[in-house]
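Undergrad: Below is one structure. I have some questions about it.
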Amino acid sequence: MKSAIQCAIRSSHLRFLDRGLPPRLAVYMHSLEREQYGPFRVFVEYMRSQDYDFVDLETFFACNGRKVIYLSFDDNYRAWFDALQLFSLLGVKATFYVNTNVIRDRTCASDIEAYYDRIDHHQERIPLSSEELKTLSSSGHAIGSHTHSHFLLTSLRTCEARSEISRGKQELEDILGQPVDHFSYPFGMRRHFSEELRHYCRDIGFKTIANAISAMQHSPQTPLHIQRSLWRLDQSLEHNLGNLRVDGALFAEITGRSALGE
Ligand SMILES: [Zn+2]
């Protein structure tokens, strides 16, 4: 539940720091359950109506002057596999940043439960199998890493944090039989990651690193600092668009937190 202070910060940003939608948008979601297909379709159709093309990361960074949107999903949900037909119907390709400690055919039920408790997910608690992961990849979607276990990296010792990062990459590569170039770190705020870990990610071969600091769509987008905003399928189109339009960079710089409180 959002506090009154968070609501006041969000409203003042909407009032004074609404800069419209920038030409490059990077958005992320978590699961995509059947009852969310309607709001997902509304999201895609609205972006198309505003001339945004859904693109992969290469195109996202290559194009200038065109309106583009980079869509990604974090954690590990079989629901993504179930939605393949929807993605194909809408002509949308996404990147899935996956935790590897809950691959369904490799993990016991109690570890799967502990994982969904840790990420506070209370809808369908079924992760992807190795085969479903391979099918997502062979269907033209990109697979990125989200660490092995979804621990808060900055609460671990450096060697443990590094091992979480490298193990997640390695296990995905073993399943997919191809390099995994893209990384998003758990929880996504600046305080949840470090420059030391960013260097480590680059050293072990990640080409891009995505964060999840809301209200940063007006800040520069670079491969090692992809600024992603959460699109909440349980919130209205207007609410989500407001979150993309505001410039919360100064607030995040000063407080280390999101101007939107989410
Ligand atoms: Zn996550």
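Since every read-out is calculated from the coordinates, none of them should be taken as a lab result. Since this is a predicted model, take the numbers as computed values, not measurements. Methodologically, a virtual Cβ is constructed for each residue, glycine included, from the backbone with ideal geometry; neighbour enumeration extends over all protein chains shown.
Undergrad: FRET efficiency for Asn64 and Ala109, Cβ-Cβ distance as r, R0 = 45 Å, nearest 0.05?
TA: On the way: r = 49 Å, r/R0 = 1.09.
Between Asn64 and Ala109 the formula returns 0.40.
Undergrad: Taking the dipole about the Cα centre of the chain, with the C-beta of Lys and Arg at +1 and of Asp and Glu at -1, give me whichever of Phe87, Tyr77, Leu224 is farthest to the positive side.
TA: Leu224
Undergrad: In Å³ and rounded to a whole number, note down the convex hull volume per residue for the Cα atoms of the chain.
TA: Taking only Cα atoms, the chain has a hull volume of 128 Å³ per residue.
Undergrad: Tabulate in residue order the Karplus-calculated ³J(HN,Hα) for segment 91-104, using 6.51 cos²θ - 1.76 cosθ + 1.60 with θ = phi - 60°, rounded to whole Hz; enter x for Gly and Pro.
TA: Using θ = phi - 60°, the values come out as x, 10, 10, 9, 10, 10, 8, 10, 7, 9, 7, 10, 6, 4 Hz.
Undergrad: Can you tell which of Gly144, Ser110, Leu176 lies farthest toward the positive end of the dipole of the chain, using +1 and -1 charges on the Cβ of basic and acidic side chains (Lys, Arg; Asp, Glu)?
TA: The residue sitting most towards the positive pole is Gly144.
Undergrad: Okay, next question. Arg190 to Leu152: extension gain in nm, 0.36 nm per residue of separation minus the Cα-Cα distance?
TA: Gain on stretching Arg190 to Leu152: 12.5 nm.
Undergrad: Net charge within 9 Å of Ala142 by Cβ-Cβ distance, Lys/Arg positive one each and Asp/Glu negative one each, not counting Ala142 itself? Provide the component values of the computation, followed by the final result.
TA: Values: positive: Lys93; negative: Asp56, Asp181.
Once positives and negatives cancel, what remains is -1.
Undergrad: Where nothing but the Cβ of Lys and Arg (+1) and of Asp and Glu (-1) is charged, how large is the charge dipole of the chain around its Cα centre, in debye to the nearest 20?
TA: On the way: 30 positive and 33 negative charges, 150 e Å.
Roughly 720 debye, rounded to the nearest 20.
Undergrad: Sticking with this structure for a sec: Report the local net charge at Asp18: Lys and Arg +1, Asp and Glu -1, summed over other residues whose C-beta lies under 11 Å from its C-beta. Spell out each step's value before the answer.
TA: Values: positive: Arg15, Arg19, Arg245; negative: Asp247.
For residues surrounding Asp18, the net value is +2.
Undergrad: Taking amide hydrogens as modeled 1.01 Å from N in the peptide plane, which residues meet the under 5 Å criterion relative to Ala26, leaving out close sequence neighbours?
TA: Here the answer is Tyr70, Ser229, since their amide H atoms fall under 5 Å of that of Ala26.
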